[in-house]
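For reference, the structure discussed in these notes is given below.
The values are calculated or read from the model by the stated rules, or taken from the named source; none is laboratory data. Just so it is clear, the model here is predicted, and its values are computed rather than measured. Don't worry about glycine lacking a Cβ; one is built from the backbone with ideal geometry, like all the others, and counts go over all protein chains shown. We work out accessible area using only protein heavy atoms, side chains counted, and drop any ligands, DNA or RNA first. Shrake-Rupley method; radii C 1.70, N 1.55, O 1.52, S 1.80 Å.
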Amino acid sequence: MASPVFLFLLCFLFSSPVFSSQLLLLPLSNSLSSSSDFNNTHNLLKSTAARSSARFHHRRRTHHRSHLSLPLSPGGDYTLSFNLGSESQKISLYMDTGSDLVWFPCSPFECILCEGKPKIQSPLPKISNQKSVSCSAAACSAAHGGSLSASHLCAISRCPLESIEVSECSSFSCPPFYYAYGDGSLIGRLYRDSLSLPAPAPAPSPAINVRNFTFGCAHSALGEPIGVAGFGRGLLSMPSQLATFSPQLGNRFSYCLVSHSFAADRVRRPSPLILGRYYGSETEFIYTSMLENPKHPYFYSVGLAGISVGSVRIPAPEFLKRVDEGGSGGVVVDSGTTFTMLPAGLYNSVVAQFENRTGRVASRASRIEENTGLSPCYSYEKSVEVPRVVLHFVGEKSSVELPRKNYFYEFLDGGDGVGRKRKVGCLMLMNGGDEAELAGGPGATLGNYQQQGFEVAYDLENNRVGFARRQCSTLWDSLNRS
């Protein structure tokens, strides 16, 4: 009988070695694939820039259970799907490395202020109370932020005192939990059911079936109609739960986001999400160590030593190299934020170097900057020289050079509607604000747009994040055929 974890022989078509290992391959879909904004570049860029900024700044404005950071409108950029329960109902959620819980809407469901948001998947699952998580379970305490003991939670669930004293409250359900995030919130309950992760076509059967998978079921939410598959560090995250089923799957995961530059045909290509480790590839990755964050333990934080623009290396402020006891500092590697957010001082230094190079031969496109929320933007005739950008993470040999298209987006602009079209290019890094504004949270965020064309590996066993250049669409095709 075949193992439930598929054995793939990976033969990469981009001149990589052949690897073998146990892993699970899942497709990530870009939420922009259903967007109607491709015909309006300005709107597409402005909404994406606004969402990146809001997600970054709202991390430090949450209250009550500020332990969790959830995606903001319209929720995230990449979705994954799985099947739930004996009826194998398909659930599609935003994949988010910045949160640590899997949750989704359940019937009946009320979504407040959700006009203009993605449509709620239909039909919504109905979960039996018989599948609820006990108030005495560790998962219940984790959902409530870890601040309440099992005795307190069971008392809230009205377990009798005599039963609490002898730890016999297993028949009482975990009480509802409240999550506050960004510009919204939700109330949910914890349940357990079987979860099936489908293998890519043309595989004939599910790749893995996890029994007693714990998830949150929301019956009311503010501003979030879809739900989240949390891949952050935490007891309830998907990698943590998969690790209990198979350490090979849960101790490492990676994704490779197809480079799309907002082109509709590229956005619709699946990006591979790889659960598990394939051996022999370590020499291809550039690694940097994860930083522990006592306030936000679910974040994948790393240290940034500096950024090179052209031949000039700009040192990063000290708070980007480490995380202090209050949870301030470091750089979060985030799948749910589109554009990289930098503290104002570092951002302004990067912009100054662009002005010294690109600004000398191209004109600033102020109107484009106003319409897109990005800056600086330049207009030019045919092509323009753009300096290379290298991110220097903390550690030896931990520098990652970004492809030009990952930080400089070029498109044709219609001008004033009368004149001929002109070529425009914008820097795809954003100003995250002054250091004082960033206290209590990450100093910067590495967005998914800058991660395109890299396999980004989260090595939980060795506590590090790695980057390796890949042809992601080729990687998907190669793994899928295997």
If you scan the range 222-269, which residues turn out to be in a loop (DSSP other than H, G, I, E, B) and touching a Cys at 6+ places or on another chain (Cβ under 9 Å)?
-> Gly223, Glu224, Pro225, Leu257, Val258, Ser259, Arg269
List the strands (runs of 3 or more DSSP E) that sit entirely inside the range 273-375 and contain at least 1 residues that are open to solvent by 30 Å² or more (accessible area, probe 1.4 Å) and in contact (Cβ under 8 Å) with a residue 12 or more places away in the chain.
-> 286-291, 312-315
With respect to the numbered conditions (1) out of contact with any Leu (no Cβ under 6 Å at 6 or more places or on another chain); (2) at pLDDT 90 or above, which one is the sole condition not fulfilled by Cys256?
-> (1)
Any chance Arg470 is open to solvent by 40 Å² or more (accessible area, probe 1.4 Å) and assigned by the TED database to the domain that holds Ser335 | no
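For (1) in a strand (DSSP E or B); (2) among the small types (Gly, Ala, Ser); (3) at pLDDT below 95, each residue gets a yes or a no:
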| position | (1), (2), (3) |
| --- | --- |
| Lys117 | no, no, yes |
| Gly145 | no, yes, yes |
| Leu148 | no, no, yes |
| Ser151 | no, yes, no |
| Ser170 | no, yes, yes |
| Tyr179 | yes, no, yes |
The correct count of residues that are open to solvent by 30 Å² or more (accessible area, probe 1.4 Å) and either in contact with a Leu (Cβ under 6 Å, 6 or more places away or on another chain) or within 30 Å of Ser53 (Cβ to Cβ) (or both) in the range 148-181 is 1
Answer yes or no: is there a residue in the range 120-130 that is over 28 Å from Ser31 (Cβ atoms) and part of a helix (DSSP H, G or I).
-> yes
Do we have Val465 as β-branched (Val, Ile, Thr), closer than 23 Å to Ser328 by Cα and crowded, with 18+ Cβ neighbours inside 10 Å here?
-> yes
May I ask you to verify whether Asn480 is farther than 27 Å from Asn348 by Cβ, open to solvent by 10 Å² or more (accessible area, probe 1.4 Å) and part of a loop (DSSP other than H, G, I, E, B)?
-> no
Among the listed residues Ser122, Ser132, Ser141, which satisfies the condition of being in the same structural domain as Gly232 (by the TED database) and farther than 19 Å from His219 by Cβ?
-> Ser141
Give Leu427, Leu475 a once-over and let me know the one that is open to solvent by less than 40 Å² (accessible area, probe 1.4 Å), within 22 Å of the chain's Cα centre (by Cα) and within 22 Å of Gly306 (Cα to Cα).
-> Leu427
